[in-house]
Each structure stands twice: as C-alpha cells, then as structure tokens.
Amino acid sequence: MVKICCIGAGYVGGPTMAVIALKCPNVQVTVVDIAEPRINAWNSGTLPIYEPGLDDVVKQCRGKNLFFSTEVEKHVAEADIIFVSVNTPTKTQGLGAGKAADLTYWESAARMIADVSKSDKIVVEKSTVPVKTAEAIERILTHNKKGINFTILSNPEFLAEGTAIQDLFNPDRVLIGGRETPEGQKAINALRDVYANWVPKERILCTNLWSAELSKLAANAFLAQRISSVNAMSALCESTGADVTQVSHSIGTDSRIGPKFLNASVGFGGSCFQKDILNLVYICECNGLPEVANYWKQVVKVNDYQKSRFVNRVVSSMFNTVSSKKIAILGFAFKKDTGDTRETPAIDVCKGLLGDKARLSIFDPQVTEDQILKDLSMKKFDKDHPSHLQPASPTSIKQVSIVGDAYEAIKDSHGICILTEWDEFKKLDYQKVFDSMQKPAFVFDGRNIVDADKLRKIGFIVYCIGKPLDPWLKDMPAVA
Ligand code: NAD
Ligand code: UDX
C-alpha cells in the first residue's frame, strides 16, 4: 500500500488529502500538523474549516485510509510520498517584507523531512511557492543525507474555497512538474498514478519544475487581473452611466475572453491572490524586470482602490459623515460558502468606516465573533502566520458589535453594506428591513446581488458597483 503523508492540515491539505483518500482506497493517507487544536477538530464531528461537501468525504474515509495526527515525524518517516502544504504567507519583516513569500514554515518542514527520513521519498510541493523554491528545498533535503534519495515535484493546487470538493473531484487540470531526469520522470509517473484514479489522463499535465511553480503564480495573477480589470471598468461605468454587468456580459461572450471571473465587486480577497501577486512582483524585481513587476503591482493597487472607493461612496452618500451612525455589515468572509476571512475586503471596508467613526453591526453566517474582532485589530499580513505569532484578540472593539442575525444587524441602522454574496442576503424581506431602518435608508451592494429596482420601489437609496447611479448619489460630492 502506498503511504502518503501531508504536512499541513489547512484549507488545502485537509480537503485535498480527503479526496485522494476517497478516490484511492489502496493509498493510506495521513495528514499531520503541528497545530493540535486543528488536528483535534479534523478528528471530531466539527471540522476546522467550512467547505460544502467536505464532511461527507471525511466521514467516508476517516479511520479507514485517512488519518489526522500530530505525530509529524513518525508519519513523515513512514511515508513514500510527502506532500508539503504548509502556509507560505507574505513576509512581515526583513528582506522583501510586504512582498516576498515567507518560507520559514516550508524550510522547517524540509529540514524535518531530511532529519527523520530513513528511506527514499518523493517530496511534493503543494504549497504555492516562488519559482525556483524546489532548488533550495533540494539542497536542504540532500545536505548531510547520503544514501537517501529525495525527488522533488511541484504539484500546485488550483482549488477555490467554497467549491473545493467539486474542484478536486473534477479539476480542469492537475499539474505535475519534475526534473527532466530518469528519477524525476519516475516520480512524476508515481504521482500521476495517484491522480489517474479519478482524473482523466489528458487533464494531468506534466512539465518541468520551474514551469509548474511559475504556472501557479501566473494563474492566480491572471485570475486576479480579470477582477481588477472589471473593477476598474466599474468605476468608469459609474461615471458614464454604463452598466458593468452588461459590459461584462458583452465582452464575456467573446470566446477569446470567456464569461467567468468578470463579476465586479468590492474587491477580491482570500489568502492567495494578493499574496501570490506580491510574490510575483518581488520575483520580477529580483530578476531585474521592474516593468513586469509594475504591471502586476497595479492589479493589487486597483483592488485597494476599489475597496477605498466603496468606503468613500458610503461616506459621501450619507451626507459626508457616518460619525456615530449605525451601519450594518452583511458578510465578512472573503466569498460565500466559506468561513475564511484572510484578506477579506470586509476588513478594509470596516476599518475605513471605523476611521470615519461609524458604529458597525456585523453579521456573517460562518464567521465567529472572535475571528472578526481579531481581524479588525490585526496588522496587514499578520493574519496567515501561526497564532502564537499573532497578537491576542480583543474581547471587544469600540463602535463594533457582532450579531447573530441579519435583521438584528440592520435594525435602526442608517445603511447596509453587503460585503459577501451569501445567498441568504438575496432572500431577506427587504420591506421589513426598510421599515426597521433610519431614513433615508441606504443599501450599498458590494457584490451586486440585490434587485436594485425592487429596493428602490420600497424606498431605499441603492448603490450597486458599476451600475447607473441613483439621482441621489449623483448629486452627492464626487467620490475620490
Ligand atoms: P493554512 O494556513 O490553512 O494551513 C497550513 C497548515 O500548515 C497550518 O495548519 C499550519 O499549522 C501547518 N504547518 C505550518 N508549518 C508546519 C510544520 N512545520 N509542520 C506541520 N504543520 C505545519 O494554509 P492553506 O490555505 O491550506 O494554504 C497552504 C498552501 O497552499 C499555501 O502555500 C497557499 O498559498 C496554497 N494554496 C492555498 C489555497 C487556498 O484556497 N487556501 C489554494 C491553493 C493553494
Ligand atoms: C483562488 C483561485 O481561484 C484558486 O484557483 C486558487 O487555488 C486559490 O485562489 P479562492 O481565493 O479560494 O481561489 O477563491 P476565488 O473564487 O478565486 O475568489 C477570490 C476572490 O475574488 C473572492 O473575494 C471573490 O469574491 C472575488 N471574485 C471572484 C470577484 O470579485 N469577482 C469574480 O468574478 C470572481
């Protein structure tokens, strides 16, 4: 029986390994992590992450060929194939701070693999890493370890949160990069055999190591670039009377452009896009390519602009001040169907409104009060580092209350900001909502999910990203 060990039981390691275990009954999969509470949660009835369909997959294999453990060294030593799926956040200090990937966790995992291994291993980069990381890892693994062969592969993960299980069941492609040597090709074949249990052979792409590593950064940069492009258009739409949904549809029907990933929004969030683009920017700068670096940097800049534009719109619409006004924040996760808040636009929007002294009442169906308070008190980039490196979360923040229901958040508020596209926000009884609010009652839809015409008939003043403006909003002072 092939033994797989995955280091890192997070959003990628957990679901990915659960699906491998489900699809490959002849493979024994153990997911290890240094975070004991996380492993305990994987072994309990309440998994540490919310992901539709995940519970079902875990229930089917846990205890059969899927195991979660904190005995990291033991399972690494026993494995044939080791996936490394630890976090690679943006560096917060030192050389490349604010841009470069922090490979501390990766390096310590690699050193541990080198220390405890007693047999040949295939080591798979599952984390997103800078191009050429495999070379550094190879040096760490082979240093002082004569007689043991480590073959390194790059197998970046393309799942998106909220649809992870469906993405893993039916991936557009699986990418495996390896050295163009007999050992490299043998390792590629071994990993390809694992995926071939359920992924059609033509969707398993094999490349050299550097292409695989760079393809992951490139894919995220291209995806994020589409969102910043459409968000940049949304600003122009608001100034000209064009409707960004119509523009997206019109350009998306061109088969060369395609319809996906063209939804204008309050900005993209998540643990990957910003981090990976900044990493790409840093790599370009280090390779003496400032023009290329500046091109990609602009994708992040437009995203920051979109978030601050949204805050400015809220404030300017409400007579240029939100001081002491209650504002309901609907949704805090970075997208629907996840409880993940890493780099969620809600953090910047809430901080912006708090900067203007608003009172915020926040509701998200999957994010806990503790998490929201932590996010609103944390510095940029601290988030993805282990909790022992993070400041303790406060028990409260002045002007912020976290509530358990959308109607409670909205009651007596002057305005509503929809920051996550949860389905339940589309289905609210907006007449009841209107009746419970201060007047004039505003809705700022950061995800374009409400029926604006219906809401206007009720009496709301509605702002939707990139849509023709209400006469009320047009008359307000220009948005910076
Ligand atoms: P995560 O923070 O959810 O999980 C990483 C886990 O690794 C943590 O539980 C941490 O405790 C553990 N860890 C760190 N160092 C360790 C060590 N030395 N030994 C054992 N465990 C250790 O991160 P994630 O979201 O799963 O992302 C992991 C990697 O995958 C990142 O490089 C990310 O960029 C990439 N990625 C993420 C996504 C996504 O949607 N989240 C998608 C594709 C790729
Ligand atoms: C992304 C990539 O899609 C995935 O392939 C990679 O493995 C990890 O990073 P993820 O961040 O989980 O996945 O979610 P994604 O669906 O890409 O959404 C990212 C952000 O972009 C969210 O905040 C989402 O709301 C926003 N978004 C997405 C838009 O604003 N408009 C769109 O059209 C699509």
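The numbers here are math on the coordinates, done by the rules we state, and not lab data. Computed from a predicted model, the values in this text were never measured in an experiment. Positions of Cβ are generated from backbone atoms using ideal geometry, with glycine treated the same way; all protein chains shown enter the neighbour counts.
Numbers for the structure displayed
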| read-out | value |
| --- | --- |
| Potential lengthening between residue 119 and residue 44 on full extension [0.36 nm per residue; Cα-Cα distance subtracted] | 23.8 nm |
| Reachable aspartates and glutamates, given that their alpha-carbon falls under 14 Å from the alpha-carbon of residue 439 and they are not under 8 places away in the same chain | 412 |
| For region 447-464, Karplus couplings with θ = phi - 60° (6.51, -1.76, 1.60), whole Hz, Gly/Pro x | 10, 6, 10, 8, 8, 4, 5, 4, 5, 5, 5, 5, x, 6, 9, 10, 10, 10 |
| Per-pair calculated FRET efficiency, R0 = 35 Å: residue 379 and residue 451 via Cβ, rounded to 0.05 | 0.35 |
| Solution diffusion estimate, µm²/s, Stokes-Einstein, the chain, Kirkwood Rh from C-alpha pairs, 20 °C, viscosity 1.002 mPa s | 90 µm²/s |
| DSSP-loop trypsin sites (Lys or Arg not before Pro) across region 414-480, with at most 16 other Cβ within 10 angstrom | 427 |
| Ranked list, fewest to most other Cβ atoms within 10 Å of each Cβ, for 413, 215 | 215, 413 |
| Histogram of C-alpha separations across region 255-303, 10 Å bin width, % | 24, 42, 30, 5 |
| Net charge over other residues, Cβ less than 13 angstrom from the Cβ of residue 421 (K, R count +1; D, E count -1) | 0 |
| Debye log10 I(q)/I(0) at q = 0.09, 0.14, 0.22 Å⁻¹ for region 76-203, Cα point scatterers | -0.28, -0.68, -1.35 |
| Within straight-line cross-link reach of residue 351, aspartates and glutamates at Cα separation under 15 Å, skipping those fewer than 8 residues along the same chain | 304, 343, 375 |
| Range in the chain, longest, excluding exposed GluC sites (Glu not before Pro) [loop by DSSP; at most 15 other beta-carbon atoms within 10 Å] | 181-480 |
| Loop-resident sites, region 88-186, for trypsin sites (Lys or Arg not before Pro), counting at most 15 other Cβ within 10 Å (DSSP) | 118, 132, 145, 146, 173 |
| Neighbour-count order for 83, 444, fewest beta carbons within 10 angstrom listed first | 444, 83 |
| Rg [Å, one decimal], Dmax [Å, integer] - region 25-113, C-alpha atoms | 15.4, 45 |
| Where N is the number of residues in region 176-319, Cα Rg divided by 2.2 N^0.38 Å | 1.36 |
| Virtual spin-label span in nm between residue 97 and residue 139, 7 Å along Cα→Cβ | 2.4 nm |
| Net +/- balance of residues flanking residue 407 in space, Cβ distance below 13 Å, scoring K and R +1, D and E -1 | -3 |
| Order of 17, 437 under a 10 Å beta carbon neighbour criterion, fewest first | 437, 17 |
| Stokes-Einstein translational diffusion, region 242-475 - Kirkwood Rh over all Cα pairs, 1.306 mPa s, 10 °C, in µm²/s | 85 µm²/s |
